[in-house]
Number of protein chains: 2
Amino acid sequence: MSNSTPATIEDVARIAEVSIATVSRAIHMPEKVANSTRLKVNQAIAITGYTTNAMARSLRLGRSNMILVVAPDIGDPNFSNILVGLENEARAHGYGILIGHTQNDAQRGLEYLKFLNSNQAAGLILFTGILPFGHQTMTARLPPSVGVFEPVFNGGIPYVGVDDTEGARKAVDLLLAEGHRKIAFIGDSRTRLAYTRRRMGYDAGLDAAGISPDNRIVLEGDGTIESGRHAVEQLFMRDTLPTAFMCVNDQTAIGVMVGLGARGYDIPRDFSVTGFDDVPQAVFISPPLTTIRQPRTAIGKQAMALLLELLSDGRPTETEILLRPDLVVRNSVSAPSRNWSKR
Amino acid sequence: MSNSTPATIEDVARIAEVSIATVSRAIHMPEKVANSTRLKVNQAIAITGYTTNAMARSLRLGRSNMILVVAPDIGDPNFSNILVGLENEARAHGYGILIGHTQNDAQRGLEYLKFLNSNQAAGLILFTGILPFGHQTMTARLPPSVGVFEPVFNGGIPYVGVDDTEGARKAVDLLLAEGHRKIAFIGDSRTRLAYTRRRMGYDAGLDAAGISPDNRIVLEGDGTIESGRHAVEQLFMRDTLPTAFMCVNDQTAIGVMVGLGARGYDIPRDFSVTGFDDVPQAVFISPPLTTIRQPRTAIGKQAMALLLELLSDGRPTETEILLRPDLVVRNSVSAPSRNWSKR
DNA sequence: ATGATGTATGTAAAGGTTTACATAAGGCCC
DNA sequence: GGGCCTTATGTAAACCTTTACATACATCAT
């Protein structure tokens with residue numbers, strides 16, 4: 001059957017000697033069709049190699065079987081594993097994944113909006129932490145959407161991610177348990193919800209340990225390696241130094257380690273460092289980084305499951321599913337060796 | 001105009017007081033329509049917020065504006081950067097990217113084949129190095145396709161990637177220049193075309209240096225970290241050891257370094273190691289890995305450009321576009337310190 | 001004035017589905 | 001045997017475009 005044009009439902013109907021309506025029913029509502037007929041149809045499908053034309057189907061149904069996934073940066077090491085989870089779950093339900101990356105450019109976001117408007121995607125997964133569509137869009141027009149990895153700032157969109165506060169708490173508690181009392185928090189941008197939440201974990205841990213706010217050092221940056229390096233430089237300008245650096249993410253932590261290394265310090269002997277995310281590099285840098293693991297594949301899977309549920313129910317839930325963060329202990333933390341406060 | 005159902009071409013036609021054919025022409029063949037009319041249509045489009053329904057368009061045209069990208073593993077560190085290149089180029093031409101990963105499972109491949117058969121994708125980008133569809137598919141049915149990163153084994157599909165042979169040659173020449181004479185090549189599977197080609201570079205370099213085949217050590221594996229570690233163990237069983245390990249990819253090189261480290265050797269003092277790919281980790285491991293860089297974004301961009309060209313021309317070119325590999329020198333190579341052959 | 005040529009627009013069909021509605025047949029009850 | 005319900009199938013419309021073909025009008029050469 002190596003026909004040049006693919007078989008249509010009509011070809012199947014002709015061979016099975018039934019109407020096209022029956023063929024459609026045999027495929028999508030098999031219980032509505034007599035056993036004998038279903039058999040004939042299935043044979044005809046096998047003979048012709050028929051597969052339903054997704055375009056025609058989506059057109060008729062007014063809804064596609066694609067999910068648009070928008071991320072600021074496809075290359076982000078966190079991204080790919082979540083994508084695996086998303087993709088697996090989507091495929092299992094007959095959906096495909098359409099991907100786009102905005103590079104934090106609103107113009108780009110708008111271009112992807114077209115995929116939505118033109119009915120090419122039935123749902124939206126957002127990695128961006130923000131609706132990347134400027135103000136042209138009212139949320140009303142958006143298809144069912146789920147934020148992932150980073151809570152969505154505007155728009156009141158359900159979110160699946162790690163419990164940032166609890167994760168940060170685990171990190172700070174480890175540092176505390178090792179005996180650290182002067183712990184710096186190296187954050188990224190205050191506009192990121194993840195920052196705020198991790199910071200909350202940091203503060204809560206320090207509160208519980210009875211460490212006064214005066215003894216806390218909090219810096220902001222942009223979450224890059226460079227930003228971590230820069231934070232170290234800033235801190236060395238001051239008259240007090242922490243004994244430990246608790247970083248908002250692994251990139252920052254790597255930057256901190258680079259900065260400290262450049263000044264000739266040894267980690268964890270001289271300073272302890274923790275990260276957050278457990279990116280693949282974390283295990284390769286030296287020393288291997290003690291950090292908080294994001295269950296990325298699970299996050300992807302659950303986010304997609306939630307979206308698919310929204311898609312069938314239509315119920316506009318505003319949920320937040322928080323997954324448990326795990327502390328992964330490697331070699332970047334030890335007890336404080338000396339008190340840097342007075343040097 | 002926050003209407004619940006999106007505007008159709010008919011809404012636009014009514015407002016602009018023209019026929020739907022004219023609207024369609026005003027959009028797609030503006031020169032065929034009078035200036036005054038075009039103006040009216042554009043205004044009507046602005047008022048209604050109309051965007052073309054991609055489903056209807058694709059159905060009518062018999063061709064979608066999606067490109068299917070199939071990779072064995074989305075999480076592969078090589079993948080994401082190529083994807084960036086692919087995506088940028090696609091978007092610039094109004095195409096979207098549909099992604100799938102097979103995990104080397106033929107069943108999975110078949111599932112993606114459905115996207116193709118159901119007309120949801122106009123073209124195919126293959127990362128898999130092999131047509132992942134078992135034998136059910138004759139190439140005739142495949143849409144325009146381009147292999148990327150890994151030459152496609154079966155199917156005679158155009159390919160865009162790095163020049164493996166030249167890259168390997170650069171690595172072996174560096175090792176030779178440092179004075180190494182006993183260089184082991186740690187490969188992966190002989191079925192991978194990339195292996196064969198890199199191996200050719202290795203042999204060519206050694207030939208040129210007048211090193212006889214007896215003095216070459218070649219091992220095979222599966223390209224994983226574990227496989228690199230295993231290769232080291234195997235070599236220590238033998239009575240001759242190389243002074244340098246030239247690895248088919250960075251993963252293997254990392255494994256080799258781990259294996260050597262576990263035995264207490266220092267790199268590059270005791271042994272030199274080179275990789276291939278320049279994955280993001282390569283810079284973080286210690287010592288940072290000297291390797292061959294794949295111009296990933298450029299590969300993606302060119303592959304997509306080629307595919308788009310195929311899509312419009314229809315000309316079934318069987319090309320191979322080989323990009324220049326760059327040697328990136330870090331710290332895993334130095335002159336051989338002693339001769340391990342007789343220990 | 002006539003016919004030819006060219007330009008701008010309209011009409012209607014086609015693309016492959018799904019599904020509301022119509023029809024037909026079979027079984028059952030009285 | 002007639003009416004009624006159930007089950008299985010068919011008919012045809014609708015989803016929204018694009019485009020071949022038809023039409024209408026203007027321009028121009030003769």
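When you scan segment B:236-276, how many residues do you find that are outside any helix (DSSP H, G or I) and either of a type in the set (Phe, Trp, Tyr) or within 16 Å of B:Tyr202 (Cα to Cα) (or both)?
15
Is it the case that A:Thr5 is assigned to a loop (DSSP other than H, G, I, E, B), within 13 Å of chain B (Cβ to nearest Cβ) and within 16 Å of DNA strand D (Cβ to nearest atom)?
No; evaluated as a whole, the condition is false for this residue.
Which numbered condition in (1) over 30 Å from B:Ala303 (Cβ atoms); (2) outside any helix (DSSP H, G or I); (3) within 16 Å of DNA strand C (Cβ to nearest atom) is the only one that B:Val41 fails?
(2)
Any idea how many residues of segment A:165-180 are in contact (Cβ under 8 Å) with a residue 60 or more places away in the chain and over 14 Å from A:Thr274 (Cβ atoms)?
Matching residues across segment A:165-180 total 2.
Answer yes if at least one residue in segment B:105-124 is touching an Asp or Glu at 6+ places or on another chain (Cβ under 8 Å) and of a type outside the set (Gly, Ala, Ser), and no otherwise.
Quick first cut of segment B:105-124, residues touching an Asp or Glu at 6+ places or on another chain (Cβ under 8 Å) only: none.
Looking for residues that are touching an Asp or Glu at 6+ places or on another chain (Cβ under 8 Å) and of a type outside the set (Gly, Ala, Ser), one finds none in segment B:105-124, hence no.
For segment B:31-65: of the residues being within 9 Å of DNA strand D (Cβ to nearest atom) and among the basic types (Lys, Arg), which is most open to solvent (accessible area, probe 1.4 Å)?
Within segment B:31-65, the match that is most open to solvent (accessible area, probe 1.4 Å) is B:Arg60.
Report yes if B:Arg199 is under 16 Å from B:Gly275 (Cα atoms), within 23 Å of the chain's Cα centre (by Cα) and open to solvent by 10 Å² or more (accessible area, probe 1.4 Å), otherwise no. Please lay out each step first, then the result.
Values: under 16 Å from B:Gly275 (Cα atoms): yes; within 23 Å of the chain's Cα centre (by Cα): yes; open to solvent by 10 Å² or more (accessible area, probe 1.4 Å): yes.
Spelling it out, B:Arg199 is indeed under 16 Å from B:Gly275 (Cα atoms), within 23 Å of the chain's Cα centre (by Cα) and open to solvent by 10 Å² or more (accessible area, probe 1.4 Å).
Just give me the residues in segment B:79-125 being under 19 Å from A:Asp76 (Cβ atoms), modelled with pLDDT under 90 and either within 16 Å of DNA strand C (Cβ to nearest atom) or open to solvent by less than 10 Å² (accessible area, probe 1.4 Å) (or both), in sequence order.
B:Phe79, B:Ile99, B:His101 - these are the residues of segment B:79-125 that are under 19 Å from A:Asp76 (Cβ atoms), modelled with pLDDT under 90 and either within 16 Å of DNA strand C (Cβ to nearest atom) or open to solvent by less than 10 Å² (accessible area, probe 1.4 Å) (or both).
Collect the residues in segment A:163-194 that are at pLDDT below 95 and within 30 Å of A:Glu309 (Cβ to Cβ), keeping them in residue-number order.
Listed by number, the residues that qualify are A:Thr191, A:Arg192, A:Leu193, A:Ala194.
Counting only residues that are assigned to a loop (DSSP other than H, G, I, E, B), touching a helix residue (DSSP H, G or I) at 6+ places or on another chain (Cβ under 6 Å) and at the interface with chain B (Cβ under 10 Å from one of its Cβ atoms), which one in segment A:51-104 is nearest to A:Val279 (Cα to Cα)?
The extreme case among them is A:Gly75.
Looking only at segment A:159-200, count how many residues are among the aliphatic types (A, V, I, L, M) and closer than 19 Å to A:Arg330 by Cβ.
10
Go over the candidates A:Thr240, A:Thr274, A:Thr297, A:Thr290 one by one and state the one that is in contact (Cβ under 8 Å) with a residue 60 or more places away in the chain, more than 30 Å from B:His101 (Cβ to Cβ) and open to solvent by 10 Å² or more (accessible area, probe 1.4 Å).
Numbers: A:Thr274 fails: open to solvent by 10 Å² or more (accessible area, probe 1.4 Å); A:Thr297 fails: more than 30 Å from B:His101 (Cβ to Cβ); A:Thr290 fails: open to solvent by 10 Å² or more (accessible area, probe 1.4 Å).
Just one listed residue meets the conditions, A:Thr240.
List pairs: first residue in segment A:212-233 and surrounded by 15 or more Cβ atoms within 10 Å (Cβ to Cβ), second residue assigned to a loop (DSSP other than H, G, I, E, B) anywhere in the structure, Cβ distance under 6 angstrom, at least six positions apart or on different chains.
Close Cβ pairs satisfying both conditions: A:Ile217/A:Pro242; A:Glu220/A:Gly187; A:Gly221/A:Asp188; A:Gly223/A:Asp188; A:Gly223/A:Asn249; A:Ser227/A:Gly221; A:Ala231/A:Gly221.
Kindly check whether there is at least one residue in segment B:116-136 that is assigned to a loop (DSSP other than H, G, I, E, B), on the phi > 0 side of the Ramachandran plot and away from chain A (no Cβ under 11 Å).
Yes, there is a match, as at least one residue in segment B:116-136 is assigned to a loop (DSSP other than H, G, I, E, B), on the phi > 0 side of the Ramachandran plot and away from chain A (no Cβ under 11 Å).
Which of the residues spanning segment B:20-29 are open to solvent by 50 Å² or more (accessible area, probe 1.4 Å) and either among the β-branched types (Val, Ile, Thr) or more than 20 Å from B:Pro6 (Cβ to Cβ) (or both)?
Correct list: B:Ile20, B:Arg25, B:Ile27, B:Met29.
Determine if segment A:17-29 includes at least one residue that is away from chain B (no Cβ under 14 Å), of a type in the set (Lys, Arg) and within 27 Å of B:Gln107 (Cβ to Cβ).
no
Quick one: which residue in B:Val146, B:Val152 is assigned to a loop (DSSP other than H, G, I, E, B), over 30 Å from B:Ile9 (Cα atoms) and away from chain A (no Cβ under 12 Å)?
B:Val152 is the lone residue from the list that is assigned to a loop (DSSP other than H, G, I, E, B), over 30 Å from B:Ile9 (Cα atoms) and away from chain A (no Cβ under 12 Å).
From the list A:Val12, A:Val18, which residue is aliphatic (A, V, I, L, M), within 12 Å of DNA strand D (Cβ to nearest atom), touching a helix residue (DSSP H, G or I) at 6+ places or on another chain (Cβ under 8 Å) and not in a loop (DSSP other than H, G, I, E, B)? Walk me through it before giving the result.
Values: A:Val18 fails: not in a loop (DSSP other than H, G, I, E, B).
It is A:Val12.
Got a number for residues in segment B:57-78 being among the small types (Gly, Ala, Ser), within 16 Å of DNA strand C (Cβ to nearest atom) and more than 17 Å from A:Phe115 (Cβ to Cβ)?
Counting residues in segment B:57-78 that are among the small types (Gly, Ala, Ser), within 16 Å of DNA strand C (Cβ to nearest atom) and more than 17 Å from A:Phe115 (Cβ to Cβ) gives 1.
Looking at segment B:181-198 only, could you name the residues that are closer than 21 Å to B:Gly255 by Cα and in contact (Cβ under 8 Å) with a residue 40 or more places away in the chain?
B:Lys182, B:Ile183, B:Ala184, B:Phe185, B:Ile186, B:Gly187, B:Asp188, B:Arg192, B:Ala194, B:Tyr195, B:Arg198, listed by residue number.
Condition first: at pLDDT below 95, in contact with a helix residue (DSSP H, G or I) (Cβ under 9 Å, 6 or more places away or on another chain) and part of a helix (DSSP H, G or I). Now tell me which residues in segment A:198-225 satisfy that.
A:Pro213, A:Asn215, A:Ile225
For segment A:21-36, how many residues are in a helix (DSSP H, G or I) and more than 9 Å from DNA strand C (Cβ to nearest atom)?
6
Does segment B:81-93 contain at least one residue that is touching a strand residue (DSSP E or B) at 6+ places or on another chain (Cβ under 9 Å) and polar (S, T, N, Q)?
yes
Output the number of residues of segment A:1-18 satisfying the condition of being open to solvent by 60 Å² or more (accessible area, probe 1.4 Å) and within 8 Å of DNA strand C (Cβ to nearest atom).
Total satisfying the criteria: 4.
Take the conditions within 16 Å of DNA strand C (Cβ to nearest atom) and either at pLDDT 75 or above or surrounded by fewer than 22 Cβ atoms within 10 Å (Cβ to Cβ) (or both) and apply them to A:Ala140. Does it pass?
no
To keep it simple, each residue is scored yes or no on (1) outside the structural domain of A:Leu306 (by TED's automatic domain parsing); (2) over 30 Å from B:Pro280 (Cα atoms).
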position: A:Ile20; (1), (2): yes, yes
position: A:Glu31; (1), (2): yes, yes
position: A:Val41; (1), (2): yes, yes
position: A:Arg57; (1), (2): yes, yes
position: A:Val70; (1), (2): no, no
position: A:Asn78; (1), (2): no, no
position: A:Gly85; (1), (2): no, no
position: A:Ile99; (1), (2): no, no
position: A:Phe115; (1), (2): no, yes
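The values are calculated or read from the model by the stated rules, or taken from the named source; none is laboratory data. Remember, it's a predicted structure, so these values are computed and weren't measured experimentally. Note: ideal-geometry Cβ built from the backbone for every residue, glycine included; neighbour counts use all protein chains shown. Areas reflect the complete protein model, heavy atoms only, side chains present, ligands, DNA and RNA absent. Shrake-Rupley method; radii C 1.70, N 1.55, O 1.52, S 1.80 Å.
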